Amino acid sequence: MIIRFNLNGSPVEATVKCNSTLLEVLRGQFHVTSPKKGCDHGDCGACTVLVNGKPVNSCLVMAPKVQGKDVLTVEALGEPGKLHPLQEAFIETGAAQCGYCTPGVLLSAAALLRDNPKPTLEEVKRSLEGNLCRCTGYVSILKAVMLAAERVGQTSTRRSGP
Amino acid sequence: MHLHHMRPFEYFQPTELKSTLQLLKEHRGKAEILAGGTDQVVLLKAWKSQPPVIIDIGNLQELDFITEDASFIRIGPLTTHATLSKSPLMQQKCIALAEAADKAGPVQIKNLGTVGGNIVSAGRCADTVPPLLCLDATLKLMNAEGERTVALSEFSPKARSTVLGNDELLTEIKIPQPPPNTASAFLKLGRRIGHDFSIANAAAMITLENHVCKAARIAVGASVTAPERIMKAEDALLGRELTSDNIEKAAALAAGEISPISDFRASSEYRREVSKVLVRRVLEAVRIRLGG
């Protein structure tokens, strides 16, 4: 079937098999490879994307379900030379090691800061419960999110994004 | 778990209830309903579910609601755990249900998973079921011919098995308005709260009148083959004050009554012990909420 949706701000369309997931379509057909196939059953969060602004496991979303919806991946968060405060903070604190979990973590964190610009550490932890990381031990990730929250709170002009 | 590419199927995305029920009638016995997919898609990938037909009800906006009138609170089956946990009405009147939804999984799962799916998938660990049992929830089941109402307590005689007909759809969860002086609470034990399936969970709801329990509901899940109310523990509180002593007794009774299971997450002995603690803690939380 043909699906039409918005991918990172642009209208797109694709012919998909009904039994494919959003993750497979993003990676295989659109070559958006930032969401990763980690566990493929909704536990690790490496496949996290934002659908209509909400973090979801794209490995659990059947492709036809995104008809008419907005899908955002980390490519839309920022780009070289124009990084999102979260991405800058991640670099500073060393919150990315192998980088496999990173796209998912960034999107979960971006959604949190959009809805809750001044989260407590506990709130940050809860928002990242669905994103597993095997490398960092999470401390640098949490530091990065708190640092980004502080900075975003300080600037008056907000970057456009999710 | 071995995951495969999903088997092929016919896929429908009806936009209204009437056509959904028609589809169910046409394809009865061959169709599976897809809501959030947090359970169903995993089963499809593991080839534990191989339906020729999938009916994706995600576009049925009319099934996504939380409303109330003088007598009842009504919840649509497509209400996600995220919506349920953040709902002011749930937090005010059915806090055990809001708490269960909040702990049902991490953010991503809560944005997809629905309370209807939680009930119909009838897993042992469905966190919203014990609070709904305490709230005396009834379910509206519809098919192309009409509708019927089934008490939640009678919906799933054993885990992963329900009385839902193969042409029926759950369309509403109905809860009687909790009377004044009523409070509820929910707790779950898992290796990572909000992420893992529960090892054990417990919910309780108490109505006080003249300082004694006029109504008492205690339900446990996850530790047992299917979520259940523990009548013996409830009876031990009826007509009595909600003191720490009485709570302790009720918790011990509840733990004695259940037949916990052993699996890779925990042994039955461990589950029995922690169920006692969870029941005690939810009752204590209720006591504090009632101003005790």
Practice task
Determine the shielding of peptide B:12-21 by partner chains: average, over its residues, the number of Cβ atoms on other chains within 10 angstrom of each Cβ.
Solution key: 1
Practice task
Filter the GluC sites (Glu not before Pro) in segment B:144-202 down to the DSSP loop ones having no more than 16 other Cβ atoms within 10 Å, then list what survives.
Solution key: B:Glu145
Practice task
For segment B:187-235, run through the trypsin sites (Lys or Arg not before Pro) and keep only the ones in DSSP coil with at most 12 other Cβ atoms within 10 Å of their Cβ.
Solution key: B:Arg191, B:Arg192
Handout entry: Spatially proximal lysines relative to A:Lys143 (Cα-Cα < 20 Å; intrachain offsets below 8 disregarded)
Key = A:Lys118, A:Lys125
Problem - Inter-part distance where segment B:236-287 and segment A:107-134 are each reduced to a Cα centre, Å - result: 33 Å
Exercise for the section: Please find, in a Gaussian network model of chain A (springs between Cα atoms separated by less than 10 Å), the residue of A:Thr21, A:Thr73, A:Thr120 whose mean-square fluctuation is greatest. Expected result: A:Thr120
Problem - Whole-Å distance, taken between Cα centres, linking segment B:171-227 and segment B:16-80 - result: 25 Å
Problem - Signed unit charges on C-beta, dipole axis of segment B:191-256, positive-most listed residue B:Gly221, B:Gly256, B:Ser198 - result: B:Ser198
Exercise for the section: Skip the ligands, DNA and RNA, and give the accessible area per residue of the protein assembly as shown with a 1.4 Å probe, whole Å². Expected result: 44 Å²
Problem - Per-residue [θ]222 nm for chain B (sum of -39500 (n - 2.57) over DSSP H runs n ≥ 4, rounded to 500) - result: -9500 deg cm²/dmol
Fill in the blank from the handout: Summed over the other residues with a beta carbon less than 10 angstrom from that of B:Gly36, with K and R at +1 and D and E at -1, the charge totals +1
Exercise for the section: Pull up all non-local amide H partners of B:Val53: gap of 5 or more, or a different chain, and H-to-H distance under 5 Å with H placed in the peptide plane. Expected result: B:Glu10, B:Glu32
Completion exercise
Computed about the Cα centre, the charge dipole of the protein assembly as shown from +1 Lys/Arg and -1 Asp/Glu charges at the Cβ has a magnitude in debye, to the nearest 20, of 700 debye
Problem - Top of A:Gly94, A:Gly137, A:Gly104 by mean-square fluctuation, Gaussian network on chain A, Cα under 10 Å - result: A:Gly137
Fill in the blank from the handout: The set of residues whose placed amide H lies less than 5 Å from the amide H of A:Thr21, leaving out same-chain residues fewer than 5 positions away, is A:Ala63
Problem - Cα gyration tensor category, rounded, prolate or oblate, for segment A:1-109 with a/c compared to 1.5 - result: prolate
Exercise for the section: Return the tail of the calculated pair distribution for the protein assembly as shown, meaning the percent of Cα-Cα pairs more than 34 Å apart. Expected result: 36 percent
Exercise for the section: Per residue of B:37-43, count partner chain C-beta atoms within 10 Å of its C-beta, then hand back the mean as an integer. Expected result: 5
Exercise for the section: Go ahead and set up a Gaussian network model of chain B, Cα springs under 10 Å, then flag whichever of B:Ser153, B:Ser198, B:Ser244 fluctuates most. Expected result: B:Ser244
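The values are calculated or read from the model by the stated rules, or taken from the named source; none is laboratory data. The model shown is predicted, which means the values in this text are computed figures rather than measured ones. Every residue, glycine as well, gets a Cβ built from its backbone with ideal geometry; the counts of neighbours run over all protein chains shown. Ligands, DNA and RNA are stripped out before the accessible areas are found, and what is left, the full protein with its side chains, is counted by its heavy atoms. Shrake-Rupley method; radii C 1.70, N 1.55, O 1.52, S 1.80 Å.
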